[in-house]
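**Student:** I am attaching a structure below and will ask some questions about it afterwards.
The values are calculated or read from the model by the stated rules, or taken from the named source; none is laboratory data. Worth saying up front: this structure is predicted, and the values here are computed from it rather than measured. Using ideal geometry, Cβ is built from the backbone for each residue, glycine included, and neighbour counts are taken over all protein chains shown. For accessibility, only protein heavy atoms count, side chains too; no ligands or nucleic acids. Shrake-Rupley method; radii C 1.70, N 1.55, O 1.52, S 1.80 Å.
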There are 2 protein chains.
Amino acid sequence: MRQSLLAELANVVGEENLYTGADASDKYGQDWTRFFKPNPGAVVFARNADQVVRLVGFANEHELALVPSGGRTGLSGGAVAERDEIVVSFDKMNRILAFDEVENSVTVEAGVITAELQRYASDKGLFYPVDFASSGSSQIGGNIATNAGGIRVLRYGLTRDQITGLEVVTRSGQRLALNRGLVKNATGYDFRHLFIGSEGTLGFILEATIRLVSPPGDPAVILMALPAMEEVMNVFSAFRSRLPLTAYEFFSEEALLHVMSHTGVSRPFATKAGYYALLEFDRAAAGAASATEAFASCVEKGLVSDGVISQSEQQRGNLWRYREDISASITPFTPYKNDISVRVSSVPGFLKAVQEEVGRRYPDFEIVWFGHIGDGNLHLNILKPGDWDVETFKRKCEGVSESVMAIVARFEGSVSAEHGVGLLKRDQLGFTRSEAEIALMRAVKKAFDPNNIMNPGKLI
Amino acid sequence: MRQSLLAELANVVGEENLYTGADASDKYGQDWTRFFKPNPGAVVFARNADQVVRLVGFANEHELALVPSGGRTGLSGGAVAERDEIVVSFDKMNRILAFDEVENSVTVEAGVITAELQRYASDKGLFYPVDFASSGSSQIGGNIATNAGGIRVLRYGLTRDQITGLEVVTRSGQRLALNRGLVKNATGYDFRHLFIGSEGTLGFILEATIRLVSPPGDPAVILMALPAMEEVMNVFSAFRSRLPLTAYEFFSEEALLHVMSHTGVSRPFATKAGYYALLEFDRAAAGAASATEAFASCVEKGLVSDGVISQSEQQRGNLWRYREDISASITPFTPYKNDISVRVSSVPGFLKAVQEEVGRRYPDFEIVWFGHIGDGNLHLNILKPGDWDVETFKRKCEGVSESVMAIVARFEGSVSAEHGVGLLKRDQLGFTRSEAEIALMRAVKKAFDPNNIMNPGKLI
């Protein structure tokens, strides 16, 4: 970035908010996606709405590209700056602004960390249900920009379902107060919902009003061994018909081995199996008898070969770790992540088709299967062999991904269930969104951001 | 409409689907809003997606305006054709297409009547929770186009919250399959949510995939007399902290008198009061003891002066009638309807401000208060005195409405909580959506419908 422009920028945002440390590029120029080379032109710390409005106005005037940056835990490169963009970090815009005790809602700045919000809710005797492996680092603004899902979608829905109001800034530097916390508001296009999941391409999120819920009474976890992948949805049905499930997850023996070796935990039980299912339910609402009955029925039918139910909060936490630590445990292997979904009723046929294709096309690579399978969401991770270089590995994976995505398309699913599109999935978008839809996406982008300065090159 | 064009149109849609009966204008040219003079150019019965696609393509080519028409129960003129438009009635496109027993979801054509869907769900042992006074006539397509709310939003959310997929046709005659029933789909702009509440201005809804839920265990209703309007939210708090409420409604003595005189029912109990609150809860989930405790606490504090709790399904239905029959009971008085909302925590101050303003500005008119007050939604109905003509009455009401809307704006509420904007509220949109938002709404409309043929003149 030109020196004179940088000086002007410092004037606009405040010199103390322009970050030029040696680690600026590595720290603020990329997210958890490791396939792009960061190269930001500058890093700015957002401090408050007025300052961001000035920054956006300045960028629009000079046609400078802006990249929003939250906790940088993204897995599709949505927060990557590789082309001299100005990174706008929300790390320091992290205040909880208001709590409404009548509505049980909270208004927060975009940079509040997910786990902070969870703790805040808990202190109020309430619950923020959106949770996932990176909730200790991810920020609310990023969660909203990608409509983050995670482990409790089954019971509480996605990030989208918690948001009652959004304050955003558009490229012209105009602030929009979208829906303003209303339950009912039938006044045409609900731009709040358009911004949720838009990955910063229509404007940046400054604040959000979020509904909190009552905490679950007595959550309990069951972890089970499944001899065969094709039974995962039959086990789901057996439990779901008897218990109010909050989560239903699955993972493969390979995933378990990685967690054991990475974290040093031992097996949950002696029995080894090809696959494992983990579910959470509210024991206070259901009664342990229904759980025992469902489990017995699965064992009798040969769907399940072993299992354990949590008897304490600590044990519940420990069982969750088998699932939650998978992502961190495989990170050293530079995994190529496919985050795909289909309708829940299509899961059995879909898993079978993907399993066949992957077995045929990836004979040399280790595959790690896991996912929020009760939502139809499969995380299919391909690990890089130690002796392959990243670029060759990525190209090979992209080739195979094409054929996996063709299966996703055949099953009318989605090429990105919850990670977003960013840079990594952009060229795959056409597998599951039609040409007409993508053309309309471009037209909407243009309506909001004619100079293409808001996270350009991402998504579309 | 020109005769030659009509002949062409008949060719495109099938002669048998062009309706030219004497009642075409009265029956298909308007909705339940009685302030507009219907004058459609033609009425076409939609039969299937392909035919609608042909029709839209034809209209786009000739720049003919199309008005979508569902159950025509709208209260803001969204389905009114007053300028030679082609009305597209979905009355005959009313098939239930598929039921998914794994997901408990149903795919229906746009013309399915709400009560039909409720019955269908019930036959499957399930529940479609969206319900309101006009559910016997309103159609799913219209519900979606206005994001219909109704009486059970508190527990189950709006129409928006039930929709997992939408099939729509845009002005170019392109069909879009939006979200396709997926739980998780993080691939950018969620046009499903943009279409929900767009009042037919972006395209027409052909089919919807809808999530059904488990039916409530043992719903019970409590109807109570409230001496003062300002206590309505204190009563709400007292019950909500003890019971899982599915509905919380209120209405005034004037509303009750109209229902009694219109339907012939007698008072629910001997005590007269200025206001009444009606709530529904699930007795199976809560236990009657909590209800009794909440009621006793309200009586003790003087918030409630009398009450009755339903002891049977029939009595529950009868109690609901006091609230559900208000709208039909006042229809003969050509009510001018304000359907306004604020955040739930703002309701007490808002009610007070509106009450003062209305008392000052409408000394001559009868005011009927009711609404889904647990959602912050107030229906403020002004009745036409018998000796006033409609036009003078409407003008007078519009004048006062401006000052009521200014109060709504001050409380950061919405000028239309659940009826939509249509023609009636179009000029009030600016009270609660900013200029910048409205400009973006126009830009989005243009991106989807550059020739302005899809329900033109409505909403914006």
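**Student:** Please count how many residues of segment B:38-64 are touching a Ser or Thr at 6+ places or on another chain (Cβ under 9 Å) and either of a type in the set (Lys, Arg) or farther than 22 Å from B:Glu82 by Cβ (or both).
**Tutor:** Residues in segment B:38-64 being touching a Ser or Thr at 6+ places or on another chain (Cβ under 9 Å) and either of a type in the set (Lys, Arg) or farther than 22 Å from B:Glu82 by Cβ (or both): 1 in total.
**Student:** Give the residue that is nearest to the chain's Cα centre (by Cα), with candidates limited to residues of segment A:181-195 that are more than 14 Å from A:Val444 (Cβ to Cβ) and in contact (Cβ under 8 Å) with a residue 24 or more places away in the chain.
**Tutor:** A:Arg192
**Student:** Just one of the numbered conditions (1) within 11 Å of chain B (Cβ to nearest Cβ); (2) open to solvent by less than 50 Å² (accessible area, probe 1.4 Å); (3) under 23 Å from the mean Cα position of the chain (by Cα) is not true of A:Ala443; which one?
**Tutor:** (3)
**Student:** Name the single residue, out of those in segment A:264-308 being hydroxyl-bearing (Ser, Thr, Tyr) and free of Cβ contacts under 8 Å to residues at least 24 places away in the same chain, that is surrounded by the most Cβ atoms within 10 Å (Cβ to Cβ).
**Tutor:** Per the stated criteria, the residue is A:Thr292.
**Student:** Another one. Any idea which of A:Val67, A:Val88 is out of contact with any Ser or Thr (no Cβ under 9 Å at 6 or more places or on another chain), open to solvent by less than 10 Å² (accessible area, probe 1.4 Å), within 19 Å of A:Thr33 (Cα to Cα) and modelled with pLDDT of 95 or more? Show your work before the answer.
**Tutor:** On the way: A:Val88 fails: out of contact with any Ser or Thr (no Cβ under 9 Å at 6 or more places or on another chain).
It is A:Val67.
**Student:** Condition test on A:Ile438, is it within 22 Å of A:Glu254 (Cβ to Cβ), β-branched (Val, Ile, Thr), open to solvent by less than 60 Å² (accessible area, probe 1.4 Å) and within 14 Å of chain B (Cβ to nearest Cβ)?
**Tutor:** no
**Student:** Let me ask another. Have a look at A:Ala208, A:Ala225, A:Ala177 and point out the one that is under 19 Å from the mean Cα position of the chain (by Cα) and at negative phi.
**Tutor:** Matching residue, one of A:Ala208, A:Ala225, A:Ala177: A:Ala208.
**Student:** Looking at segment A:400-435, which of its residues are at the interface with another protein chain (Cβ under 7 Å from one of its Cβ atoms), in contact with a strand residue (DSSP E or B) (Cβ under 9 Å, 6 or more places away or on another chain) and either in a helix (DSSP H, G or I) or among the hydrophobic types (A, V, I, L, M, F, W, C) (or both)?
**Tutor:** Passing the criteria: A:Val415, A:Ala417, A:Thr432.
**Student:** Can A:Lys458 be described as part of a helix (DSSP H, G or I) and either away from every other protein chain (no Cβ under 12 Å) or over 30 Å from A:Glu356 (Cβ atoms) (or both)? Spell out the reasoning first.
**Tutor:** On the way: part of a helix (DSSP H, G or I): no; either away from every other protein chain (no Cβ under 12 Å) or over 30 Å from A:Glu356 (Cβ atoms) (or both): yes.
No.
**Student:** State yes or no: is A:His379 touching a strand residue (DSSP E or B) at 6+ places or on another chain (Cβ under 8 Å), within 14 Å of chain B (Cβ to nearest Cβ), surrounded by 21 or more Cβ atoms within 10 Å (Cβ to Cβ) and more than 21 Å from A:Arg433 (Cα to Cα)?
**Tutor:** no
**Student:** Same structure, new question: When you go through (1) open to solvent by 10 Å² or more (accessible area, probe 1.4 Å); (2) within 20 Å of B:Val153 (Cβ to Cβ); (3) more than 11 Å from every other protein chain (Cβ to nearest Cβ) one by one for A:Ile163, which number turns out not to apply?
**Tutor:** (1)
**Student:** Exactly one condition in (1) within 16 Å of B:Asn185 (Cα to Cα); (2) under 22 Å from the mean Cα position of the chain (by Cα) is false for A:Leu383; which is it?
**Tutor:** The one condition A:Leu383 does not meet is (1).
**Student:** Kindly provide the set of residues from segment B:24-42 that are farther than 20 Å from B:Ser134 by Cβ and open to solvent by 60 Å² or more (accessible area, probe 1.4 Å), ordered by number.
**Tutor:** B:Lys37, B:Asn39
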